There are 2 protein chains.
Amino acid sequence: MLLDRQAIGDLALGAAFLGSGGGGDPYYATLLAEAELERRGPFEVIGVDALSDDALVVPCGWIGAPTVSVEKLPNGREAVDGLRRLEEIMGRSIDAVIPIEIGGSNGLAPLFAAARLGIPVLDCDGMGRAFPESQMAIFNIRGLSACPSILTDASGSLSVIESDDNFAHERLARALSVAVGGIAHLVEYPLTGRQAKDHAIHGTITVARAVGAAIREARAHGADPFAAMFEALRRTGLYREAGVLFDGKIIDIDRETRNGFSVGRIIFESFDGASRMEMDFQNENLIARRDGVVVATVPDILTVMDRETADSITTERLKYGQRAKVVGAAAPAILREAQALKFVGPRAFGFEEDYVPIEEIAAWLKP
Amino acid sequence: MLLDRQAIGDLALGAAFLGSGGGGDPYYATLLAEAELERRGPFEVIGVDALSDDALVVPCGWIGAPTVSVEKLPNGREAVDGLRRLEEIMGRSIDAVIPIEIGGSNGLAPLFAAARLGIPVLDCDGMGRAFPESQMAIFNIRGLSACPSILTDASGSLSVIESDDNFAHERLARALSVAVGGIAHLVEYPLTGRQAKDHAIHGTITVARAVGAAIREARAHGADPFAAMFEALRRTGLYREAGVLFDGKIIDIDRETRNGFSVGRIIFESFDGASRMEMDFQNENLIARRDGVVVATVPDILTVMDRETADSITTERLKYGQRAKVVGAAAPAILREAQALKFVGPRAFGFEEDYVPIEEIAAWLKP
């Protein structure tokens, strides 16, 4: 498929939702993509199965605290410099890039890099949403190595990381991202075409675009954008359950940039003052408690959305007094397997709760 | 020259003194060197001028907090892995290695790596002492690039860093050293033979060895090891002024590992209780105040030594109650030039004092 200006807008809306509060606000990535569109025409996105098994496929995206990305602008060469260096290291050309995570600005960022390299983006990603840490990618869950990876930043510095241990790789990349000012571009988990086919989460660009289109069309026709989005999600087959977990206003927000992440807690109160929801986040929203009872956890998606426009509000954009709906959605099934939950379940984030699928605990998700 | 077991011991004693409290206690490096000596015979050290101008010469050493190096042991392959990777990047063999700093264990560490690679160590170094940060090397002062550099650690991870800015390089390397547990091996400032001849501080392995031999011989003959060391230093022509700045016991020590460094302050009191000396350190001892008056600062050398044995006590080995002499020595002249003081003078460490040569403020240095 070719992505034109409207498709980019739809993708941005949908990716922001799938980001579960993280992945960075897609605003800048959208501007960059639109500018690139003017220069080079529509972006090419192809299905994973269109590639040969021995192709070189490279996931990439930004690593760091989204709070920083709002203020520290890229130099525009980070992704291309990293991808070009990987080509030197691998001694061959890259055939396609994929978003390491479909969520937030990282769902769009690879379009820009791919256009510069004259290669397509694959319709898939490495997380099916956004997660804060590199080893939360499906590729690590499936035992693949993140390395060699290449981290670049706006100052022009470049670091190549090699480690057999994807947790160590995350620590190294995170430390570098902090040292360069809190945000950097990371090229990681170089894959064969076969590995991309076997392990990437397929169709997520299509899904994000469909979610965005549903919201756009509902707005245009004066329909309920939430209902339209839920219907679009259910049709995907990937995110089968979705609904509103809470409706209210933000009455407290505690947020800081710590160890390279934006971390904190938000408290919502219902308009009648009778009920509260607390959410903890580490770049992404991780766990939601309604009046003290857990109603959703990672890896399920938890996104705060403007209650009128259904614009997703990333964690760095949350503000006191915002009137918002907290929307939950079931994560793709492969993130709910026992092997995956070791890396992306609530205990992987330090919570004491076991994972329970959102549709089992949040009964009100069902109409 | 060939370094045998006695020469290694002398070098360790002298390097510990030139470390100005830093560079790491040479104890482990000495054990490693002795073991390597058993396997392969004496280490080869050659003069810088023995190399051709187009040789590839590579400084290396350990980066991190010496407090950590005491507890976190190397895997023994760090230096060789880093040097081999640099050879791949440069597409040629390394002709010789040099200590990035002659001070502390880093004065010995390259012997081990060079023996493994079957190449000599050059009789020179990049700091003429030890300094805590990479950009304090003479090679940065002279405008050369630290990159590509390669950082390796005991877990087997390897990172290649490229940056045009040597301060940014220091931040990246430091961040990685912290992320891998506080200590790592760094191959940096790859040089041509010509650059090594023009910019390295020549003869420092010979000097360290001579200082160590003087202490050893004085001990053997019941002579004063301090007087012997001072005489040996003066004969070198590189460190012309040296003497005891204070004699007393440690009555307070404040030390923590922060941002990848061992930082703190020591307070000494004279045995009659009439006088005190305060020293601030960041891995290395940086500034000494006697009863509130500055008597020595970086880049001059400030080493705490056991008052009986003249063993140097590195900052991570300082203990309450130790009876010690604080010894000062003039830094090599090239570190006292205005261009050098921008990078290694007291203001480069955040102090408000300007540099004054130790022999001008510490009049008691003269006999």
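FYI, it's all coordinate maths here, none of it is from the lab. All values reported here derive from a predicted model rather than from experimental measurement. Cβ coordinates were reconstructed from backbone atoms using ideal geometry, including for glycine residues, and neighbour counts include every protein chain displayed.
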Can you list residues from other chains, or at least 5 along the same chain, whose modelled amide H is less than 5 Å from the amide H of A:PHE43?
A:LEU3
Looks like chain B, by Cα gyration tensor root eigenvalues a ≥ b ≥ c and the a/c under 1.5 rounded cutoff (else prolate when a/b is bigger than b/c, oblate otherwise), is prolate
Descending packing, highest mean Cβ count within 10 Å first, for B:306-318, A:324-336 is A:324-336, B:306-318
Tell me which residues come under 5 Å, amide H to amide H, from A:ILE63 once H is placed; ignore anything under 5 positions away on its chain.
A:ALA184, A:HIS185, A:LEU186
Please turn the phi angles of region A:357-363 into ³J(HN,Hα) values with the Karplus equation 6.51 cos²θ - 1.76 cosθ + 1.60 (θ = phi - 60°), one per residue in order, whole Hz, x for glycine and proline.
x, 3, 6, 7, 8, 9, 4
Only Cα pairs within less than 10 Å get springs; with that Gaussian network setup on chain A, which residue of A:ILE89, A:ILE46, A:ILE141 has the largest fluctuation?
A:ILE89
What angle do you read, to the nearest 10 degrees and between 0 and 90, between the alpha-carbon axis of helix B:27-40 and the longest principal axis of chain B?
40
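How high is the relative contact order of region A:1-86? Use alpha-carbon pairs under 8 Å, at least six apart in sequence, and give a whole percent.
Values: 41 pairs, mean separation 29.7, N = 86.
Value for region A:1-86: 35 percent.
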By average Cβ neighbour count within 10 Å, what is the ranking of B:344-351, A:53-60, B:186-193 from highest down?
B:186-193, A:53-60, B:344-351
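Pairs of Cα atoms under 8 Å, at least six residues apart: use those to get the relative contact order of chain B, whole percent.
Numbers: 904 pairs, mean separation 73.1, N = 367.
Averaging sequence separation for qualifying contacts and normalising by length gives 20 percent for chain B.
Mind ranking A:157-163, B:288-294, B:158-164 by how tightly packed they are, going by the mean number of other C-beta atoms within 10 angstrom, highest first?
Values: A:157-163: 24.7, B:288-294: 15.3, B:158-164: 23.0.
By packing density, highest mean first, the sequence is A:157-163, B:158-164, B:288-294.
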Give me the distance between the Cα centres of region B:175-192 and region A:305-324, rounded to whole Å.
43
Over what distance in Å are the Cα centres of region A:203-252 and region A:258-290 separated?
20
Tell me the label-point distance for the pair B:TYR320, B:ARG194, using the 7 Å Cα-to-Cβ offset, in nm and rounded to one decimal.
5.8
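For chain A, how many pairs of lysine residues have a Cα-Cα distance under 23 Å, where the two are 8 or more positions apart or belong to different chains? Before the final figure, lay out the partial values.
Working: A:LYS72/A:LYS319; A:LYS197/A:LYS342; A:LYS249/A:LYS319; A:LYS249/A:LYS325; A:LYS249/A:LYS366; A:LYS325/A:LYS366.
Count of close lysine pairs: 6.
Where the eigenvalues come from the Cα gyration tensor of region A:113-168, what are the semi-axes √(5λ) of the equivalent ellipsoid, largest first, in whole Å?
Values: eigenvalues 84, 68, 24 Å².
So the equivalent ellipsoid measures 21, 18, 11 Å along its semi-axes.
For region A:1-62, just say rounded, prolate or oblate: build the C-alpha gyration tensor, square-root its eigenvalues into a ≥ b ≥ c, call rounded for a/c under 1.5, and beyond that prolate if a/b exceeds b/c, oblate if not. Display every interim value, and only then the final one.
Numbers: a/c = 1.95, a/b = 1.28, b/c = 1.52.
Oblate is the answer for region A:1-62, as a/c is 1.5 or above yet b/c matches or exceeds a/b.
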Treating only the Cβ of Lys, Arg, Asp and Glu as charged (+1, +1, -1, -1), what charge dipole size does the protein assembly as shown show about its Cα centre? Round to the nearest 20 debye.
160
Using every alpha carbon pair in region B:236-365, what percent of pairs falls into each 5 Å bin from 0 up to the bin containing the largest distance?
2, 11, 21, 24, 21, 14, 6, 1, 0
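Assuming 0.36 nm per residue, please report the length gained on full extension of the stretch A:GLU231 to A:GLU360 beyond their Cα-Cα distance. Walk me through the intermediate numbers first.
Working: separation 129, 0.36 × 129 = 46.44 nm, distance 1.91 nm.
Stretched out fully, the A:GLU231 to A:GLU360 stretch lengthens by 44.5 nm.
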Taking neighbour Cβ counts within 10 Å as the exposure measure, how do A:GLU359, B:GLU34, A:GLU352 sort from fewest upward?
A:GLU352, B:GLU34, A:GLU359
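Rg/Rh for the protein assembly as shown: what does it come to with C-alpha atoms and Rh from Kirkwood?
Working: Rg = 29.9 Å, Rh = 27.9 Å.
Reported Rg/Rh (Cα atoms, Kirkwood Rh): 1.07.
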Determine ³J(HN,Hα), in whole Hz, for all residues of region A:301-315 in sequence, where each value follows from phi through the Karplus function 6.51 cos²θ - 1.76 cosθ + 1.60 and θ = phi - 60°; x replaces Gly and Pro.
8, 9, 10, 8, 10, 4, 6, 9, 9, 6, 6, 6, 10, 5, 4
Karplus-derived HN-Hα couplings along region A:326-334 (A = 6.51, B = -1.76, C = 1.60, θ = phi - 60°), whole Hz, x at Gly and Pro:
9, 10, x, 8, 5, 6, x, 4, 5
quick note, region B:1-136, DSSP beta bridge pairs, % antiparallel (nearest 5) is 20
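Which whole-number percentage describes the relative contact order of region B:60-191, with Cα contacts under 8 Å and a sequence gap of 6 or more? Don't jump to the answer; show the numbers that get you there.
Values: 239 pairs, mean separation 44.7, N = 132.
Answer for region B:60-191 is 34 percent.
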Report, as an integer, the average count of C-beta atoms from other chains found within 10 Å of each Cβ along B:151-161.
6
Expected integer from the mean partner chain Cβ neighbour count at 10 Å over B:141-149 is 1
Give me, ordered by chain and number, the residues 5 or more places off B:VAL327 or on other chains with an amide H under 5 Å from its own placed amide H.
B:LEU245, B:THR303, B:VAL304, B:MET305
On alpha-carbon atoms, Rg over Rh for region B:313-355 using Kirkwood Rh?
1.10
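Which value, in nm² and rounded to one decimal, describes the direction-averaged projected area of the C-alpha convex hull of region A:190-258? Provide the component values of the computation, followed by the final result.
Details: hull surface 33.0 nm².
With the hull built on Cα positions only, its mean projection is 8.3 nm².
Determine the gain in length on full extension of the stretch B:THR309-B:ASP272; use 0.36 nm per residue of separation and subtract their C-alpha separation, reporting nm with one decimal.
Numbers: separation 37, 0.36 × 37 = 13.32 nm, distance 2.14 nm.
Gain on extension, B:THR309 to B:ASP272, equals 11.2 nm.
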In the Gaussian network model of chain A, springs joining C-alpha atoms below 10 Å, which of A:TYR239, A:TYR320, A:TYR27 carries the largest mean-square fluctuation?
A:TYR320
Let me know the shape class of region A:140-295, please: from the alpha-carbon gyration tensor, a ≥ b ≥ c as square roots of the eigenvalues, rounded when a/c is under 1.5, otherwise prolate if a/b is greater than b/c, or oblate.
oblate
